[in-house]
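Participant: I have a structure here, written as structure tokens, and I will follow up with some questions on it.
The values are calculated or read from the model by the stated rules, or taken from the named source; none is laboratory data. Here the structure is a predicted model, which means the values were calculated and not measured. Neighbour counts run over all protein chains shown; Cβ positions are idealised from the backbone, glycine included. All accessible areas refer to the heavy atoms of the entire protein, side chains included, with ligands and DNA or RNA removed. Shrake-Rupley method; radii C 1.70, N 1.55, O 1.52, S 1.80 Å.
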Amino acid sequence: MVGCQSLSPSPTPPSGESPTLASPLAFDESGLTDSSERPGHAPIVDFGGKSSDESGPHVHQVAYVQPTEPSEELSEPEPIPQPVESVTTGMSLEELEGIALQNNPALGQAMARVEAAQGSWVQTGLPPNPVIGYSGQQLGSGGEAEQQGVFLGQEIVTGKKLKLNRETASWEVDRAQREFESVQLRVLTDVRIGYYEVLIAQRRRELATELVRISDKGVEAAEALLQGMEVGEADPLRARVEAETAGIFLQTATNQHTQAWRQLVAVLGTPNLTLQQLHGELEADDIHLVWEEALQQILCESPEIAAAMAEVQATRWAVERAHAEVIPNVEVQAVLQDDRGTGSSNANLQISLPIPILNRNQGGIRRAHAQAAAAEQAVDRIGLELQVRLADAFQRYESARNQVDAYSRDDGILDKTNRSLELVRKGYEGGEVGVQDMLSVQRTYFQTNLAY
């Protein structure tokens, strides 16, 4: 899509005029074209391959590389890791998105709805079938006055009803396409959220592993000092408590990693995919969003609004169709029969149409106008709902952004924590700082990194 959808659709056009959409949803600059030329105002969403104008919708099979064997066990991190550590091997976000596009059942369900809408487009524009039958008169006359023959009848649809049917249905196809795009965005968003949850869980597990390793070394150091009678028995006990606590935290981090992976593979549609390392960066990009720009982008690109706008167009065509319903269809019947009484053949022609006096589709027209008004209000409602949802997300983003800045800037929380740890370590090695102080600063270091 290019540009923004209008949140205030133009009023319903007068009867007989082709409604046009003042937004990027109008695929022909000159307005709606003859529906008989295509099964919708745009081809069915196709991520590759032939256009659905030729053979119906297709879901592109996104190629991806799925590892055949699980990756190696998580390696032990380097001592005192940096606040952010990149994963160098494993599956990437792009691979995970490709898996989801192939396997997530929500996408298949949405595509099936698109195909159903296209089938409705085909069906709603088909004319009535002709009627053929047998005609017999005076059959009890012993063959002296019988008239037998065949008749052929056809209902002729007037008022361009079939064309209006397809115009309405074509926008229903477009709405289904936009809903498919919306589902696709939701799936990809869930994959990206799950991807970063796993990355965070990996990082938490690495930090916990390092904490256990250093805590064990602290126990060894405390016991060595005790043997040298440089500390009391309390220091080794404190060190062991710290080590056991670190072991509990490592087990919790491992469980959280497994949980994050299970949630991710459920979104991918491959719940049996083996737990493995993911490749990616946790370092925050230098992105500074502005509320007005973010809101404008959402309103311009949201497939929810695009689907609502397609519904507006469908209801406008439905209004035209309701007015056309008043124009009666013509029924023609031709009879060709053999007259046994005269020994000759004759033909009859019958043309009939209802007189729209009592029923002028008053209720149908009123309903169509009300549905069109409701559809236009729905566009504004969805725009406001998007703003409410964005407000919540934007608040969380700004809060997280502030925290990241406080942690990562020069002389920030991480920098102070790192320097504090190094100073206490040197003091501990020189016998100037006790084990308790060392363990406390060490714990603060890892907690700070986890918080970041």
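Participant: So E172 ticks every box in (1) open to solvent by 20 Å² or more (accessible area, probe 1.4 Å); (2) within 30 Å of Q337 (Cβ to Cβ) but one. Which box is left unticked?
Facilitator: (2)
Conditions tested, residue by residue: (1) surrounded by 16 or more Cβ atoms within 10 Å (Cβ to Cβ); (2) of a type in the set (V, I, T); (3) at positive phi.
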site: R238; (1), (2), (3): yes, no, no
site: V241; (1), (2), (3): no, yes, no
site: I248; (1), (2), (3): no, yes, no
site: Q251; (1), (2), (3): no, no, no
site: N255; (1), (2), (3): no, no, no
site: T258; (1), (2), (3): no, yes, no
site: R262; (1), (2), (3): no, no, no
site: T270; (1), (2), (3): yes, yes, no
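Participant: I'd like to know if the range 410-418 contains one or more residues that are part of a helix (DSSP H, G or I), at pLDDT 95 or above and charged (D, E, K, R).
Facilitator: There is no residue in the range 410-418 that is part of a helix (DSSP H, G or I), at pLDDT 95 or above and charged (D, E, K, R).
Participant: Consider the range 217-236. How many of its residues are open to solvent by less than 70 Å² (accessible area, probe 1.4 Å) and farther than 30 Å from L199 by Cβ? Before you say what the answer is, go through the steps one by one.
Facilitator: Step one: list which residues in the range 217-236 are open to solvent by less than 70 Å² (accessible area, probe 1.4 Å), which gives 218-219, 221-226, 228, 231-232, 234-236.
Next, from what is left, pick out any that are farther than 30 Å from L199 by Cβ: 219, 221-226, 228, 231-232, 234-236.
Counting residues in the range 217-236 that are open to solvent by less than 70 Å² (accessible area, probe 1.4 Å) and farther than 30 Å from L199 by Cβ gives 13.
Participant: Output yes when any residue across the range 377-391 is touching a strand residue (DSSP E or B) at 6+ places or on another chain (Cβ under 6 Å) and over 29 Å from R213 (Cβ atoms), and no when none is.
Facilitator: To start, the set of residues in the range 377-391 that are touching a strand residue (DSSP E or B) at 6+ places or on another chain (Cβ under 6 Å) comprises none.
Scanning the range 377-391 turns up no residue that is touching a strand residue (DSSP E or B) at 6+ places or on another chain (Cβ under 6 Å) and over 29 Å from R213 (Cβ atoms).
Participant: I'd like the full set of residues that are within 26 Å of W317 (Cα to Cα), among the hydrophobic types (A, V, I, L, M, F, W, C) and in contact with a Lys or Arg (Cβ under 7 Å, 6 or more places away or on another chain), limited to the range 114-162.
Facilitator: Residue satisfying the conditions is W121 alone.
Matching residues to (1) among the hydrophobic types (A, V, I, L, M, F, W, C); (2) part of a helix (DSSP H, G or I); (3) at pLDDT 95 or above:
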site: S345; (1), (2), (3): no, no, no
site: I355; (1), (2), (3): yes, no, no
site: G364; (1), (2), (3): no, yes, yes
site: A370; (1), (2), (3): yes, yes, yes
site: A375; (1), (2), (3): yes, yes, yes
site: V379; (1), (2), (3): yes, yes, yes
site: I382; (1), (2), (3): yes, yes, yes
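Participant: Given the condition more than 30 Å from E223 (Cα to Cα) and touching a Pro at 6+ places or on another chain (Cβ under 7 Å), answer yes or no: does some residue in the range 257-266 qualify?
Facilitator: Just the residues of the range 257-266 that are more than 30 Å from E223 (Cα to Cα), to begin with: 257-266.
After this cut, where a residue has to be touching a Pro at 6+ places or on another chain (Cβ under 7 Å) as well, the list is 265.
Checked against the condition, which is being more than 30 Å from E223 (Cα to Cα) and touching a Pro at 6+ places or on another chain (Cβ under 7 Å), the range 257-266 yields at least one hit.
Participant: Which of the following residues is over 21 Å from R203 (Cβ atoms) and surrounded by 11 or more Cβ atoms within 10 Å (Cβ to Cβ): Y428, Y407?
Facilitator: Y428
Participant: Taking the range 283-307 as the search range and keeping residues that are small (G, A, S) and surrounded by fewer than 16 Cβ atoms within 10 Å (Cβ to Cβ), which one is modelled with the highest pLDDT? Full working, then the answer.
Facilitator: As a first pass, look at the range 283-307 and keep what is small (G, A, S): 284, 294, 302, 306-307.
Checking which are surrounded by fewer than 16 Cβ atoms within 10 Å (Cβ to Cβ) leaves us with 284, 294.
On the way: A284: 63, A294: 95.
Only one residue fits best here, namely A294.
Participant: Here's another thing I want to ask about it. Restricting to the range 271-330, give me the number of residues that are part of a helix (DSSP H, G or I) and β-branched (V, I, T). Break it down stepwise before answering.
Facilitator: The initial filter retains those residues of the range 271-330 that are part of a helix (DSSP H, G or I), namely 291-301, 303-324.
Imposing the further condition that a residue be β-branched (V, I, T) reduces the set to 298, 305, 312, 315, 319.
Matching residues across the range 271-330 total 5.
Participant: Answer yes if at least one residue in the range 373-393 is open to solvent by 30 Å² or more (accessible area, probe 1.4 Å), of a type in the set (D, E, K, R) and over 42 Å from the mean Cα position of the chain (by Cα), and no otherwise.
Facilitator: Within the range 373-393, not a single residue is open to solvent by 30 Å² or more (accessible area, probe 1.4 Å), of a type in the set (D, E, K, R) and over 42 Å from the mean Cα position of the chain (by Cα).
Participant: Could you give every pair whose Cβ atoms fall below 9 Å, whose first residue belongs to the range 370-386 and is within 17 Å of W317 (Cα to Cα) and free of Cβ contacts under 8 Å to residues at least 60 places away in the same chain, and whose second residue is buried (at least 16 other Cβ atoms within 10 Å of the Cβ) and of a type in the set (V, I, T), counting only separations of at least 6 or pairs across chains?
Facilitator: Hits for this filter: Q371/T315; Q371/V319; A373/T12; A373/T315; A374/T315.
Participant: Which number in (1) out of contact with any Ser or Thr (no Cβ under 9 Å at 6 or more places or on another chain); (2) in a helix (DSSP H, G or I) marks the one condition that E432 misses?
Facilitator: Unmet condition: (2).
Participant: Report, ordered by the first and then the second residue, all pairs with beta carbons closer than 9 Å, sequence separation of six or more or different chains, a first member in the range 102-127 that is over 21 Å from S182 (Cα atoms) and open to solvent by 20 Å² or more (accessible area, probe 1.4 Å), and a second member that is of a type in the set (D, E, K, R) and not in a helix (DSSP H, G or I).
Facilitator: P127/E155
Participant: Taking the range 153-165 on its own, how many of its residues are in a helix (DSSP H, G or I) and either among the aliphatic types (A, V, I, L, M) or open to solvent by 40 Å² or more (accessible area, probe 1.4 Å) (or both)?
Facilitator: From the range 153-165, those in a helix (DSSP H, G or I) are 161-165; that's our starting set.
Then drop every residue that is not either among the aliphatic types (A, V, I, L, M) or open to solvent by 40 Å² or more (accessible area, probe 1.4 Å) (or both), which leaves 162-164.
Number of matching residues: 3.
Participant: If Y452 meets every condition in (1) more than 36 Å from the chain's Cα centre (by Cα); (2) at negative phi apart from one, which number is that one?
Facilitator: (1)
Participant: Against the condition closer than 30 Å to Q147 by Cα and either among the charged types (D, E, K, R) or surrounded by 16 or more Cβ atoms within 10 Å (Cβ to Cβ) (or both), how does R366 come out, does it pass? Break it down stepwise before answering.
Facilitator: Working: closer than 30 Å to Q147 by Cα: no; either among the charged types (D, E, K, R) or surrounded by 16 or more Cβ atoms within 10 Å (Cβ to Cβ) (or both): yes.
Against the criterion (closer than 30 Å to Q147 by Cα and either among the charged types (D, E, K, R) or surrounded by 16 or more Cβ atoms within 10 Å (Cβ to Cβ) (or both)), R366 does not qualify.
Participant: Still on this structure, please answer the following. Take the range 431-452 and flag every residue that is over 24 Å from R205 (Cβ atoms), free of Cβ contacts under 8 Å to residues at least 24 places away in the same chain and crowded, with 16+ Cβ neighbours inside 10 Å.
Facilitator: V433
Participant: Do we have E95 as at pLDDT below 95, part of a helix (DSSP H, G or I) and under 39 Å from the mean Cα position of the chain (by Cα) here?
Facilitator: On the way: at pLDDT below 95: yes; part of a helix (DSSP H, G or I): yes; under 39 Å from the mean Cα position of the chain (by Cα): yes.
Yes, satisfied.
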